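The values are calculated or read from the model by the stated rules, or taken from the named source; none is laboratory data. Only a predicted model underlies this, so the values are computations on that prediction, with no experimental measurement involved. Note that we place each Cβ from the backbone using ideal geometry, even for glycine, and neighbour counts take in every protein chain shown.
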Amino acid sequence: MQLPVIAALLYANLAFAAPGTAARRQRAAERLAERRVSRASNTLQPADSEFAIASKNDTAHVEYSSNWAGAVLIGSGYKTVTGTIVVPTPKVPSGGSSSRQYSASAWVGIDGDTCATAILQTGVDFTIQGSSVSFDAWYEWYPDYAYDFSGIPIKAGDTLTFTVTASSTSAGTAVIENKTTGKKVTHSFSGETDRLCQTNAEWIVEDYSSGGGLVPFADFGTVQFTGASVNGGTGVNGATIIDIQQSNKVLTECSTSGSSTVVCSYTG
């Protein structure tokens with residue numbers, strides 16, 4: 001089948017599924033179609049300079065990254081990772097342009113740090129352009145692209161629980177439940193050729209990639225992962241803390257609290 005035909009079918013299906021007026025349906029279709037061919041998470045990328053930058057609080061940061069902020073457990077046998085967030089309201093970062101689009105993403109996942117062959121992950125993007133704010137729930141088996149869930153409307157202030165489960169190194173599920181609305185969506189993976197190692201468990205705020213580069217990073221305020229657990233019990237004790245550093249500037253401040261909470265704040 002030729003690419004124009006595929007694109008036409010994709011637009012038609014998305015437009016039919018999207019809620020609202022015809023104009024809103026078309027805008028949603030275009031945005032979702034673009035995300036399907038270009039939006040992707042990435043493995044943890046080292047920061048763009050080698051020198052250490054002092055943290056803005058007393059948290060001992062072990063790693064800086066250009067795209068990940070949050071907490072990573074490194075071990076073995078990680079099969080299920082769960083975390084709950086309250087959806088933030090993104091803002092244009094200080095000095096940013098109201099005509100430019102800014103985004104960030106919060107997700108939980110398995111692998112992608114010391115194991116770079118695959119990531120099983122699910123989460124939500126938050127995007128702002130001018131006064132327009134949007135949210136997209138998604139699932140991904142990296143290195144494939146992220147795909148949007150349908151049937152789970154999201155707004156700022158909603159409580160979302162993310163869960164990924166690896167039933168093997170090549171199969172698993174991604175689940176998002178909106179505790180505020182009672183909506184729940186699930187995607188199952190099977191026969192994936194890029195295999196998990198099951199050695200990393202993550203709770204991450206990401207500056208994700210689109211069109212071959214990092215998207216302009218939104219001021220996401222604060223994202224707090226609560227109920228952070230691995231395999232139904234183990235929490236975040238012993239996790240590596242990661243902050244985003246770009247152009248020799250640290251943009252986030254992350255820490256853990258107790259055994260089941262990860263907090264990341266935008267510091268710009």
Considering residues that are surrounded by 15 or more Cβ atoms within 10 Å (Cβ to Cβ) and β-branched (Val, Ile, Thr), the number found within the range 182-196 is 1
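Name every residue in the range 223-265 that is at positive phi and at pLDDT below 95, in order of residue number. It would help to see each step written out before you state the result.
Here is the first cut: in the range 223-265, the residues at positive phi are 227, 231-232, 238, 247-248, 258.
GLY232, GLY238, SER247, ASN248, GLY258 - these are the residues of the range 223-265 that are at positive phi and at pLDDT below 95.
How many of the residues in the range 252-268 are in contact (Cβ under 8 Å) with a residue 40 or more places away in the chain and part of a strand (DSSP E or B)?
Filtering the range 252-268 down to residues in contact (Cβ under 8 Å) with a residue 40 or more places away in the chain leaves 252-256, 262-268.
Filter again for part of a strand (DSSP E or B), leaving 252-256, 262-266.
Selection size over the range 252-268: 10.
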May I ask you to say which residue of THR193, THR161, THR180 is out of contact with any helix residue (DSSP H, G or I) (no Cβ under 7 Å at 6 or more places or on another chain) and assigned to a strand (DSSP E or B)? THR161
Which members of the range 113-141 meet the condition of being of a type in the set (Ser, Thr, Tyr) and part of a loop (DSSP other than H, G, I, E, B)? THR114, THR117, SER131
Could you identify the single residue in THR114, THR127, THR163 that is on the phi < 0 side of the Ramachandran plot, surrounded by fewer than 18 Cβ atoms within 10 Å (Cβ to Cβ) and either under 15 Å from the mean Cα position of the chain (by Cα) or not aliphatic (A, V, I, L, M) (or both)? THR114
Among (1) aliphatic (A, V, I, L, M); (2) surrounded by fewer than 18 Cβ atoms within 10 Å (Cβ to Cβ); (3) more than 29 Å from ASN237 (Cβ to Cβ), there is one condition ILE154 misses while meeting the rest; what is its number? (2)
Is it true that some residue in the range 143-160 is under 24 Å from THR114 (Cβ atoms) and modelled with pLDDT of 95 or more? no
Assigned to a strand (DSSP E or B) and either touching a residue at least 60 places away in the same chain (Cβ under 8 Å) or more than 19 Å from GLY232 (Cβ to Cβ) (or both): is that true of ALA174 in this structure? no
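Limited to the range 234-251, what total is found for residues that are within 28 Å of LYS79 (Cα to Cα) and assigned to a strand (DSSP E or B)? So that I can check it myself, show each step before the final result.
Here is the first cut: in the range 234-251, the residues within 28 Å of LYS79 (Cα to Cα) are 234-244.
Checking the rest, the ones that are also assigned to a strand (DSSP E or B) come to 234, 240-244.
Matching residues across the range 234-251 total 6.
So, of the residues in the range 206-225 that are in a strand (DSSP E or B) and among the small types (Gly, Ala, Ser), which turns out to be surrounded by the fewest Cβ atoms within 10 Å (Cβ to Cβ)?
Kept after step one, since they are in a strand (DSSP E or B), are these residues of the range 206-225: 206, 209-210, 213-214, 217, 219, 222-225.
Subsequent filtering for residues that are among the small types (Gly, Ala, Ser) retains 209-210, 213.
Numbers: SER209: 18, SER210: 18, GLY213: 7.
By that ranking, first place goes to GLY213.
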